[in-house]
Amino acid sequence: MNKRKPWVVAVAFALVFETGGILQAAQKKSGSKRSPDEIFARLDKNGNNKLSLEEYIGKKADDKATKAGKRFKKSDKDADGFLTLGEFKASRQKRRKGQRPVFCS
């Protein structure tokens, strides 16, 4: 007779669900990146087509808010205290060019 132990079934289900979660996370990470336009629109809380420092920083923790503030000031090319969509996109492109490529095996 081939009796299965309950813990074996439980482990098998756990592995299936965990693997599914990992695959979903990988698909989400690789396939559903938001465009700069979508990110800008999400950050632009008042809909005036420009980002204030407060909108840009959002609810970030202190250390991340400080870095974001520095990034904001560098990105604000006309120094008017707001980021336009063009300034936002240019900043993102510049930052992406400086990143090292990620190699997957």
From the phi angles alone, apply the Karplus equation (6.51, -1.76, 1.60; θ = phi - 60°) to the range 80-96 and give each ³J(HN,Hα) in whole Hz, x where the residue is Gly or Pro. 8, x, 9, 9, 7, 4, x, 5, 5, 5, 4, 5, 5, 4, 4, 5, 5
Using each residue's phi in the range 46-63, evaluate 6.51 cos²θ - 1.76 cosθ + 1.60 at θ = phi - 60° and report the 3J(HN,Hα) Karplus result to the nearest Hz, with x for Gly and Pro. 8, x, 8, 6, 8, 9, 7, 4, 5, 5, 5, 6, x, 10, 6, 5, 3, 5
Among the listed pairs Lys33/Lys73; Lys45/Lys77; Lys45/Lys97; Lys64/Lys97, those beyond 23 Å (Cα-Cα): Lys33/Lys73; Lys45/Lys97
By the Cα gyration tensor axes a ≥ b ≥ c (a/c under 1.5 gives rounded; else a/b larger than b/c gives prolate, otherwise oblate), the shape of the range 32-101 is rounded
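Read the figures in this text as sums done on the coordinates, not as results from a lab. Bear in mind the structure is a predicted one, so any value in this text is a computation, not a measurement.
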